[in-house]
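Q: Please read through the structure below; I'll follow up with questions.
The values are calculated or read from the model by the stated rules, or taken from the named source; none is laboratory data. What you see is a predicted model; the values in this text were computed from it and never measured. Heads up, the Cβs are rebuilt from the backbone with ideal geometry, glycines too, and the neighbour counts pull from every protein chain shown.
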Amino acid sequence: MLRSTLRRLTKPNVVVLGTGWAGCYAAHHVDPNLCNIHVISTRNHMVFTPLLPQTTTGTLEFRSVCEPITNIQPALAKPPHRFLRSVIYDVDFDEKQVKCVGVGVVGGSENRPYDYLIMAYGARPNTFNIPGVEEKAFFLREVNEARGIRKRLVQNIMTANLPTTSIAEAKRLLHTVVVGGGPTGIEFAANLAEFFREDIKNVNTSLLPYCKVTVLEAGEVLGSFDTALRRYGQLRLNQLGVEIRKTAVVGVTDEEVFTKSGEVLPTGLVVWSTGVGSGPVTKALKCDKTNRGRISIDDHLRVLRDGKPIPNVFAAGDCAASNERPLPTLAAVASRQGRYIGKEMNNLLKGKQMSRPFVYRSLGSMASIGNRSAIVSLGDKFKFDLNGCAALWVWKSAYLTILGSIRSKLYVIVNWAGSQIFGRDITYIGDLAEDRMYSALAVEEVSKEMSRKKTPEMLHAVNPESNYTSSVEKEGANKGFLPRKLGESTPLAPHGQAIEGSQVAHAAAAATSAEPEKKM
């Protein structure tokens, strides 16, 4: 017993920062018999990002794209190995300590010592410092972000379906703007366009003419593919009704997107997919940075400081890059970097030297264009291109193979089959705080309702532009829950069917006459 305890205490600590592709692959390949593995991240799972766009429209459930870190490296469930849910804010390379704060712990800051460090905590989306993007747009890199997109999408559909929502407001709510024409943005746009075509009828068929998806891209859409595949992808997007505009974005608000060409696009949802930039942790690190602000690494993925490798410190994935040989920010690159570091770490733990440098050879690229077609480019020097339904089967087969566990594979297969047979899931599930807020608003409205006379209330509910008796009515008009003008049409009451002033007068008179007389 004493001998085994001493052996654990004398083992070196290998600390992995992040549970993305690079971090999880590194943790998986490090031999737990040679060291104590500590993984630090704010999430206890790995996200299968290539399938994340399909979760936003209900094609896949969120758990289908999540793999628990203890499934990837089972040793983390057994001390002295451990997973720590903490926020990393700095690293002291001289003292060999990771500075972090435990999630949900007030004043829980600690310094975690390491002997070997693997930094793979990812990066933030690149907003180019455009006003409103960070606050108003949705990103698509995490499950929580995909959940937020799906929630907003269903909220917009339900609000557009209200009889008091004007046609102009319904068009705005059902217009989604996707910024970025890379694989992630295009896959989301195509999935959403198919969702509108095939599943909006389950809510209200009259909403379909107002559904619209617009892609904004300053460069070439699907620019990483060859010309023939790009043309096919753009043709397929046009068939799905996706509008592509070659322009840049200069501003985003709650309800509008401003483009460089001077256009103002009313929208209910903005999804931002334009690559990655450096985050606050990377900016705080005292090491060399690339010209784009990422951690500078050498051919062996070692972190550089003053042009020299920091002993026993590695970096991989989106947070790191090399100025001499930049690589694309893809899951394939990050996973191979993580595998390389994990295997090289085992050599170092055994007292061996690092072997050959890391070399990335592309096996190709893929992108789905909805649930019925895809574009696939296989190979590096000798390429084999494929599109259409056959390419979609290659796309699905490849990702099913890459999925880590039988559990995830079964989830994805069942979800794909279910969405084809029964349609996509558009169930809206709010959180507890939201339910409590609505309950409080309902109580407030009931209280105000009891204190107001019926006749003025009916007149003002139809024409909120007149003297308001309730701040809630004014807010409802501003948000589209009440019509702004008398006789304004709505999706459920087209032109010629809106409530007229005479109808209001009759309704008000009827309500007044129906009121019981008060006894003297």
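Q: Report, by residue number, each residue of the range 180-190 that is crowded, with 24+ Cβ neighbours inside 10 Å and touching a Gly at 6+ places or on another chain (Cβ under 8 Å).
A: Gly180, Gly181, Ile186, Ala190
Q: Okay, next question. Within the range 331-352, identify whether any single residue is part of a loop (DSSP other than H, G, I, E, B), without any contact (Cβ under 8 Å) to a residue 60 or more places away in the chain and surrounded by fewer than 17 Cβ atoms within 10 Å (Cβ to Cβ), and answer yes or no.
A: Yes - at least one qualifying residue is present in the range 331-352.
Q: Report, by residue number, each residue of the range 54-69 that is closer than 16 Å to Ile406 by Cβ and in contact (Cβ under 8 Å) with a residue 40 or more places away in the chain. Full working, then the answer.
A: Narrowing the range 54-69 to residues closer than 16 Å to Ile406 by Cβ: 63-68.
Listed by number, the residues that qualify are Arg63, Ser64, Val65, Cys66, Glu67.
Q: Give the residue, chosen from Asn191, Asn161, that is over 28 Å from Trp21 (Cβ atoms) and touching a Pro at 6+ places or on another chain (Cβ under 9 Å). Before you say what the answer is, go through the steps one by one.
A: On the way: Asn191 fails: over 28 Å from Trp21 (Cβ atoms).
One residue alone meets the criteria, Asn161.
For (1) charged (D, E, K, R); (2) assigned to a helix (DSSP H, G or I); (3) within 30 Å of Lys11 (Cα to Cα), each residue gets a yes or a no:
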residue: Val303; (1), (2), (3): no, no, yes
residue: Ile310; (1), (2), (3): no, no, yes
residue: Val313; (1), (2), (3): no, no, yes
residue: Asp318; (1), (2), (3): yes, yes, yes
residue: Leu327; (1), (2), (3): no, no, no
residue: Ser377; (1), (2), (3): no, no, no
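Q: Suppose we filter Leu162, Leu153, Leu117 for residues that are crowded, with 21+ Cβ neighbours inside 10 Å and either over 19 Å from the mean Cα position of the chain (by Cα) or in the same structural domain as Asp94 (by TED's automatic domain parsing) (or both); which single one remains?
A: On the way: Leu162 fails: crowded, with 21+ Cβ neighbours inside 10 Å; Leu153 fails: either over 19 Å from the mean Cα position of the chain (by Cα) or in the same structural domain as Asp94 (by TED's automatic domain parsing) (or both).
Checking each option against the conditions leaves just Leu117.
Q: Here is a further query. As an exercise: evaluate Asp385 against (1) acidic (Asp, Glu); (2) in a helix (DSSP H, G or I); (3) within 30 Å of Gln239 (Cβ to Cβ) and give the number of the one condition it does not meet.
A: (2)
The rows are residues; the columns are (1) assigned to a helix (DSSP H, G or I); (2) in contact (Cβ under 8 Å) with a residue 60 or more places away in the chain; (3) surrounded by fewer than 19 Cβ atoms within 10 Å (Cβ to Cβ).
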residue: Leu34; (1), (2), (3): no, yes, yes
residue: Leu52; (1), (2), (3): yes, yes, no
residue: Asn71; (1), (2), (3): yes, yes, yes
residue: Ile88; (1), (2), (3): no, yes, no
residue: Lys99; (1), (2), (3): no, no, yes
residue: Val105; (1), (2), (3): no, no, yes
residue: Glu110; (1), (2), (3): no, no, yes
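Q: Hey, among the residues in the range 319-341 that are charged (D, E, K, R) and modelled with pLDDT under 95, which one's nearest to Leu222 (Cα to Cα)? Explain how you work it out, then say what you get.
A: Quick first cut of the range 319-341, residues charged (D, E, K, R) only: 324-325, 336, 339.
Still in the running and modelled with pLDDT under 95: 324-325.
Values: Glu324: 25, Arg325: 22 Å.
The selected residue is Arg325.
Q: Could you say whether any residue in the range 241-251 is in contact with a Phe, Trp or Tyr (Cβ under 9 Å, 6 or more places away or on another chain), in a helix (DSSP H, G or I) and assigned by TED's automatic domain parsing to the domain that holds Leu378?
A: no
To keep it simple, each residue is scored yes or no on (1) of a type in the set (Lys, Arg); (2) free of Cβ contacts under 8 Å to residues at least 24 places away in the same chain; (3) under 24 Å from Ser335 (Cβ atoms).
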{"position": "Val91", "(1), (2), (3)": "no, no, yes"}
{"position": "Gly102", "(1), (2), (3)": "no, yes, no"}
{"position": "Phe128", "(1), (2), (3)": "no, no, no"}
{"position": "Glu134", "(1), (2), (3)": "no, yes, no"}
{"position": "Arg150", "(1), (2), (3)": "yes, no, no"}
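Q: Where the second residue is in a helix (DSSP H, G or I) and charged (D, E, K, R) and the first is in contact (Cβ under 8 Å) with a residue 24 or more places away in the chain and lies in the range 174-194, which pairs have Cβ atoms under 8 Å and are six or more apart or on separate chains?
A: Listed pairs, sorted by first residue: Ala190/Arg236.
Q: Answer with yes or no whether Val270 is touching a Ser or Thr at 6+ places or on another chain (Cβ under 9 Å), of a type outside the set (Gly, Ala, Ser) and buried (at least 22 other Cβ atoms within 10 Å of the Cβ).
A: On the way: touching a Ser or Thr at 6+ places or on another chain (Cβ under 9 Å): yes; of a type outside the set (Gly, Ala, Ser): yes; buried (at least 22 other Cβ atoms within 10 Å of the Cβ): yes.
Yes.
Residues checked against (1) within 30 Å of Met158 (Cα to Cα); (2) without any contact (Cβ under 8 Å) to a residue 12 or more places away in the chain; (3) of a type in the set (Phe, Trp, Tyr); (4) touching a Pro at 6+ places or on another chain (Cβ under 9 Å):
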| site | (1), (2), (3), (4) |
| --- | --- |
| Lys212 | yes, no, no, no |
| Glu217 | yes, no, no, no |
| Phe225 | no, no, yes, yes |
| Tyr232 | no, no, yes, no |
| Gly241 | yes, no, no, no |
| Thr247 | no, no, no, no |
| Val252 | yes, no, no, yes |
